[in-house]
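The values are calculated or read from the model by the stated rules, or taken from the named source; none is laboratory data. Computed from a predicted model, the values in this text were never measured in an experiment. With ideal geometry, Cβ positions are generated from the backbone for all residues, glycine too; neighbour counts draw on all protein chains shown. Accessible surface areas use protein heavy atoms only, side chains included; no ligands, DNA or RNA. Shrake-Rupley method; radii C 1.70, N 1.55, O 1.52, S 1.80 Å.
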Amino acid sequence: MPYPDVIAIDGPAAAGKSTVGEFLAAELHYLYFDTGIMYRAITWLVLERGLSVDDEAAITELAEQAQIDVGPADVSDGRQYTVLVDGRDVTWDLRKSQVDDNVSPVSAYPGVRTALTAQQRRIGQRGHVVMVGRDIGTVVLPEAPLKVYLDATVEARARRRYLENAARGHRARYSDILRAMRRRDRIDSQRDTAPLRAAADAVVIDTTDMPVNQVVATVLKLAQERDP
Ligand code: DC
């Protein structure tokens, strides 16, 4: 059965995008591409180089020049892929709280978005891809034949992030995670360029009370039913 060549999955943090995206890509033998890591990679570089998060000009230049390579997981430590920035393996560094705390302001800069969107579009146009982010259905690949927007209450999402952290041995307080997530939601959805929102033709799924396997099954069914 033919499937849509490109599947766009958007939504706020911890709505289930990466779990669903990875499963779907494996099922369809498509590339799974998580665009959030590109914004995280630039943020990591900003911190690494000691740049101020307010220095829009320097950060834009960094985004235009940085070499971000994403490949299959080459270490079995639970990673979904390996990310190299200027040749250095930063896969886990990108998940640190310092990156979490600064990635939303960095990704709000229009010049950063222009540079990264162009790369994402090139990857998407090759087809056979499940692309996950905030603006895939609205800006990066508006022609995608299947667009899904996963949502959940901020409390449910913070709880998931808390449990994920605990499983990895990181003890962060639920109240801190909730506060940080509310802040990121606010910046991501209120920025002027490519704000977080569902495309008019996206299928919106509220995952608050859905176990992840049910979300996966729902999206897989949509892919099977959708004319490519
Ligand atoms: O999905 P994530 O938590 O790894 O994303 C990190 C940040 O990157 C998120 O707060 C907003 C930004 N982002 C974006 O602006 N556009 C995308 N397509 C993906 C992520």
key: Condition check for PRO4: closer than 19 Å to SER107 by Cα, in contact with a Leu (Cβ under 7 Å, 6 or more places away or on another chain) and either not β-branched (Val, Ile, Thr) or not in a helix (DSSP H, G or I) (or both)   = no
Selection within region 143-173 - out of contact with any strand residue (DSSP E or B) (no Cβ under 6 Å at 6 or more places or on another chain), open to solvent by 20 Å² or more (accessible area, probe 1.4 Å) and of a type in the set (D, E, K, R) = GLU143, GLU155, ARG159, ARG160, ARG161, GLU164, ARG168, ARG171, ARG173
key: Test for MET181: is it in contact (Cβ under 8 Å) with a residue 40 or more places away in the chain, within 16 Å of the ligand (Cβ to nearest atom) and assigned to a strand (DSSP E or B)   = no
request  = Filter region 136-170 down to the residues that are in a loop (DSSP other than H, G, I, E, B) and under 24 Å from ASP209 (Cα atoms), then identify the one that is nearest to the ligand (Cβ to nearest atom).
outcome  = ALA152
message = Considering only residues that are open to solvent by 10 Å² or more (accessible area, probe 1.4 Å) and on the phi < 0 side of the Ramachandran plot, which ones fall in region 125-142?
response = GLN125, ARG126, ARG134, THR138, VAL139, PRO142
ask   = Only one residue in ALA115, ALA199, ALA194 is within 13 Å of the ligand (Cβ to nearest atom), under 22 Å from VAL53 (Cβ atoms), surrounded by fewer than 21 Cβ atoms within 10 Å (Cβ to Cβ) and modelled with pLDDT of 95 or more, so which one is that?
value = ALA115
key: Number of positions in region 14-44 that are open to solvent by 10 Å² or more (accessible area, probe 1.4 Å) and part of a loop (DSSP other than H, G, I, E, B)   = 4
remark   = Filtering region 115-131 for residues that are part of a strand (DSSP E or B) and under 29 Å from ALA57 (Cβ atoms) leaves a count of 1
message = Here's a check for you: in region 77-88, which residue that is within 16 Å of the ligand (Cβ to nearest atom) and modelled with pLDDT of 90 or more is surrounded by the fewest Cβ atoms within 10 Å (Cβ to Cβ)?
response = THR82
Residue pairs meeting the criteria (Cβ under 7 Å; at least 6 apart or on separate chains; first surrounded by 10 or more Cβ atoms within 10 Å (Cβ to Cβ), in region 45-70; second in a loop (DSSP other than H, G, I, E, B)) = LEU45/ALA66; VAL46/VAL53; GLU56/TYR109; ALA58/LEU51; ILE59/LEU51; ILE59/TYR109; THR60/TYR109; ALA66/ASP86
request  = Have a look at THR60, THR91 and point out the one that is of a type in the set (S, T, N, Q), over 19 Å from the mean Cα position of the chain (by Cα) and within 15 Å of the ligand (Cβ to nearest atom).
outcome  = THR60
ask   = Conditions: (1) open to solvent by less than 40 Å² (accessible area, probe 1.4 Å); (2) at positive phi; (3) not aliphatic (A, V, I, L, M). THR207 meets all but one. Number of the miss?
value = (2)
